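Here's the structure, in structure tokens; my notes come after.
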There are 2 protein chains.
Amino acid sequence: MNNPLRAAARMADIAPFHVVELLTRARALEAQGRTIIHMEVGEPDFPTPVPMLEAASRFLRRGEVHYTPSLGIPELREAIAGFYETRYGLRVDPGRVVVTAGASGALLLALGALVDPGDEVLMADPGYPCNRHFVRCLGGLPKGIPVGSASAYQLTAEQLEAAWTPHTRAVLVASPANPTGTLITNGQMQRIAALVRQRGGALLVDEIYHGLTYGAEAMSALAFDDDAFVINSFSKYFGMTGWRLGWLVAPQACIRDIEKLAQNLFICPSAPAQYAALAGFQRDTLEILEARRAEFRNRRDFLLPALAGLGFAIHTRPEGAFYLYSEISALAPDSQEFAWRLLDEAGVATTPGLDFGTNRPEAHVRFAYTSPLSTLEEGVERLRRYLRG
Amino acid sequence: MNNPLRAAARMADIAPFHVVELLTRARALEAQGRTIIHMEVGEPDFPTPVPMLEAASRFLRRGEVHYTPSLGIPELREAIAGFYETRYGLRVDPGRVVVTAGASGALLLALGALVDPGDEVLMADPGYPCNRHFVRCLGGLPKGIPVGSASAYQLTAEQLEAAWTPHTRAVLVASPANPTGTLITNGQMQRIAALVRQRGGALLVDEIYHGLTYGAEAMSALAFDDDAFVINSFSKYFGMTGWRLGWLVAPQACIRDIEKLAQNLFICPSAPAQYAALAGFQRDTLEILEARRAEFRNRRDFLLPALAGLGFAIHTRPEGAFYLYSEISALAPDSQEFAWRLLDEAGVATTPGLDFGTNRPEAHVRFAYTSPLSTLEEGVERLRRYLRG
């Protein structure tokens with residue numbers, strides 16, 4: 001007889017968020033009365049902007065919180081398309097905009113419409129850990145390619161060419177990237193798009209940290225490849241993590257398939273979240289968001305040299321997101337054990353490299369600057385005392 | 001060279017919601033000034049209850065709409081567990097309750113944790129159409145088993161035994177069921193659970209229409225099989241369709257795998273929806289919900305004989321949900337064409353059988369009583385004029 005509770009084979013390949021255990025330990029220490037400096041949390045500390053909260057509350061007062069169209073309410077799809085025009089000068093047909101349950105929903109829809117069992121999807125290692133698990137759930141083969149500081153921790157067209165096999169179906173890149181905060185240059189994105197097109201693959205670009213860049217505005221990959229699948233989110237720049245809302249821009253030819261998948265897998269995205277998001281493109285909201293971007297930039301400008309001064313080796317200056325990915329080989333042999341010691345002994349929580357892939361995770365930790373500057377200063381001071389103590 | 005936009009093979013097997021086309025046509029007629037009686041819509045017409053809206057608004061006023069734990073906020077998991085105690089007299093450990101992005105999220109998590117490529121999942125035909133597409137997305141083989149009025153349109157242990165093969169991994173039943181509104185008796189559920197256990201399979205039970213039953217309260221399958229995967233939703237009884245919130249009760253041994261999947265595929269369920277749902281178990285909300293249940297019952301008690309009087313053959317008295325599944329062979333040869341004629345010529349929208357499977361869909365339409373009694377009366381009057389005209 002079978003074991004009725006036998007897990008599917010995929011479960012052996014799907015990793016938990018390791019940092020959750022560390023977070024649980026941090027909460028336990030806090031319950032004992034200790035203060036912990038949280039530099040592990042990958043979400044903005046800012047609340048959802050007031051105009052968006054108010055828009056949601058107005059919608060809720062009507063009480064009619066019903067299913068929406070599977071691809072999202074038309075006015076939000078139009079507002080997102082309009083944002084590509086005002087921010088990037090790009091024309092995007094609203095019919096190509098799919099509103100989703102977070103970037104997570106966008107990834108599932110895009111990969112679900114494209115990836116057959118056995119298909120390879122190329123992606124950077126280190127990278128956002130869920131990417132490979134989405135591919136695995138669909139029976140595809142996620143293929144992490146080690147990236148390092150020589151390419152700003154980003155995949156290059158040359159690497160993709162070398163890694164391409166007859167089974168390669170798609171490439172997934174992220175700019176700005178998690179955990180490194182680095183961008184793909186316009187030139188490199190053009191070369192990647194050309195290579196992927198020439199090989200007959202699909203290009204997926206994670207742009208969920210767009211808006212959180214601290215030099216020149218990042219250009220959307222749609223400028224270089226109108227057939228790219230661009231994934232974005234209201235979580236980070238727009239401050240809507242807990243609402244679970246994102247979007248996907250896909251080629252028109254794929255929209256019908258994506259709609260079928262969206263109907264069956266999600267029915268529709270959250271209605272209150274969609275009405276909140278509608279207010280995200282108003283001038284008053286954008287002013288709040290741009291002030292926050294400046295604050296994130298201040299934090300990075302403080303934290304980057306401060307950590308470097310303590311021996312944390314950050315090889316590529318991060319120009320976006322809210323992460324610093326540091327090599328810690330000079331400080332400790334094992335990032336996992338190091339992170340637990342930092343938590344227990346210095347009261348500073350970080351994310352060890354293990355959550356981002358298999359490319360020397362033991363030599364890296366990720367710092368998130370999702371706390372106010374004063375908190376980051378306290379964190380750095382604690383690290384200083386600990387490392388020099 | 002490959003076609004970069006080539007769809008994954010699964011897309012050929014994933015059907016759209018056919019009724020959406022009919023709904024689009026209905027909206028076009030309405031735009032022309034015609035009134036349409038909507039008996040196709042599978043969602044309650046009632047707004048979200050005020051105490052739940054107020055709870056969400058209170059939460060939003062704090063502004064801190066952040067990620068929650070992947071399995072849901074502890075107080076909601078406890079409230080759901082408590083509901084099993086008060087409503088069914090069943091003890092359920094809150095640690096086994098997983099809050100999800102609608103019942104859709106619950107289905108994806110349960111099937112994702114259980115079903116390997118090539119595994120068969122047995123289910124009733126007609127049934128909720130998305131079920132087979134979830135299985136297909138995971139590489140499993142959905143195996144619809146024709147059911148009819150002899151078994152109240154429900155699977156029996158005998159049918160499951162006959163259909164079982166070495167590749168059968170799981171059984172998915174629904175009580176009350178969509179599109180038929182029928183229940184599985186306690187005795188039959190016990191026999192199904194025993195058969196599935198004896199064969200070493202997993203039992204998934206869709207209870208999303210629980211609370212919307214009009215005779216004796218339906219018992220949860222957990223009473224008969226503590227290892228069942230029970231899927232439920234805040235959409236129907238609790239009136240929260242647009243919020244996208246549901247839950248899953250799973251065996252303790254599977255919770256760690258389900259948590260890993262939930263982290264990677266969803267990060268977490270919607271935070272505002274969770275705080276709204278917390279108010280769903282309060283006495284004032286439950287009073288509203290029970291009044292609505294009485295109203296649904298009134299509608300069924302009107303619509304069932306009225307349709308029967310017009311020649312719509314409803315072979316099994318539906319005891320739950322808000323659907324009547326009618327054989328229309330005596331009225332027309334093809335339900336699809338019939339439904340379009342009813343819409344165009346009578347101004348009544350229904351859902352043809354095609355959306356529910358391949359078991360004689362051409363001979364059936366589904367009526368939803370998700371409109372006020374006066375609207376249903378008008379619908380019946382229109383049908384009467386049309387059929388007798």
Original post:
Dividing the Cα radius of gyration by the Kirkwood radius, what Rg/Rh value follows for the stretch B:80-180?
Top reply: 1.00
Subject >> Spin-label model distance (nm) - B:L387 vs B:A15, 7 Å beyond Cα toward Cβ >> reply: 2.4
Original post:
Rounded to a whole number, what is D in µm²/s for the protein assembly as shown from Stokes-Einstein with the Kirkwood radius over alpha-carbon pairs (25 °C, 0.890 mPa s)?
Top reply: 90
Subject >> Burial ordering of B:R27, A:R382, fewest other beta-carbon atoms within 10 Å first >> reply: B:R27, A:R382
Original post:
Does the stretch B:262-316 come out rounded, prolate or oblate, given a ≥ b ≥ c as the square roots of the eigenvalues of its C-alpha gyration tensor, rounded meaning a/c under 1.5 and, failing that, prolate meaning a/b above b/c?
Top reply: oblate
Original post:
Using θ = phi - 60° and the Karplus curve 6.51 cos²θ - 1.76 cosθ + 1.60, what whole-Hz ³J(HN,Hα) does each residue of the stretch B:338-355 get, with Gly and Pro shown as x?
Top reply: 4, 5, 5, 5, 4, 5, 5, 9, 10, x, 10, 9, 10, 10, x, x, 3, 6
Subject >> Cleavage-rule hits (GluC sites (Glu not before Pro)) in the stretch A:136-240: DSSP loop, at most 15 neighbouring Cβ within 10 angstrom >> reply: A:E217
**OP:** Tell me which residues come under 5 Å, amide H to amide H, from B:F229 once H is placed; ignore anything under 5 positions away on its chain.
**Re:** B:L203, B:L204, B:V205
Original post:
Over all Cα pairs of chain A, how is the pair count split among 10 Å bins, expressed in % and running from 0 up to the last occupied bin?
Top reply: 5, 23, 32, 27, 12, 2, 0
Original post:
At each listed q (0.23, 0.28 Å⁻¹), what is the log10 of I(q)/I(0) that the Debye formula gives for the stretch A:38-95 modelled as equal alpha-carbon point scatterers?
Top reply: -1.00, -1.05
**OP:** If a/c stays under 1.5 just call it rounded; otherwise compare a/b with b/c (prolate if a/b is bigger, oblate if not). Do that for the stretch A:141-269, with a ≥ b ≥ c from the square roots of the Cα gyration tensor eigenvalues.
**Re:** oblate
Subject >> 37 °C / 0.692 mPa s Stokes-Einstein diffusion coefficient of the stretch A:298-389, Kirkwood radius on C-alpha pairs, µm²/s >> reply: 251
Original post:
Counting Lys and Arg as +1 and Asp and Glu as -1, what is the net charge of the other residues whose Cβ lies under 15 Å from the Cβ of A:R197?
Top reply: 0
Original post:
R0 = 25 Å: FRET efficiency of A:H315 with A:R293, Cβ-based, nearest 0.05?
Top reply: 0.55
Subject >> 7 Å along Cα→Cβ, label-point gaps from A:E161 to other copies, nm, shortest first >> reply: 6.5
Subject >> Computed P(r) (all Cα pairs; the stretch B:1-117; 5 Å bins; percent) >> reply: 2, 7, 8, 12, 14, 13, 13, 14, 10, 5, 2, 0, 0
Original post:
What Kirkwood radius, in Å to one decimal, follows from the Cα pairs of the stretch A:54-282?
Top reply: 17.8
Original post:
At a Förster radius of 56 Å, what calculated FRET efficiency corresponds to the Cβ-Cβ distance of A:D226 and B:D344, to the nearest 0.05?
Top reply: 0.90
Subject >> Computed helical MRE - 222 nm, the protein assembly as shown, DSSP H runs ≥ 4 contributing -39500 (n - 2.57), nearest 500 >> reply: -12500 deg cm²/dmol
Original post:
For labels at A:A194 and A:Q336 in the simple 7 Å Cα→Cβ model, what's the distance in nm?
Top reply: 4.3
Subject >> Spin-label proximity, B:T86 to the stretch B:203-241 - amide N less than 15 Å from point 7 Å beyond Cα toward beta carbon >> reply: B:211, B:238
**OP:** In nm, give the distance between the simple-model label positions of B:D284 and A:A28, each being 7 Å from the Cα along the Cα-to-Cβ direction.
**Re:** 4.0
Subject >> Within the protein assembly as shown, percent of DSSP bridges classed antiparallel, to nearest 5 >> reply: 45
Subject >> Distance from the stretch B:307-386 to the stretch B:137-170 (C-alpha centre basis), Å >> reply: 26
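Values in this text are rule-based calculations from the coordinates and carry no lab data. Because the structure is a prediction, the values reported are computed rather than measured. Note: ideal-geometry Cβ built from the backbone for every residue, glycine included; neighbour counts use all protein chains shown.
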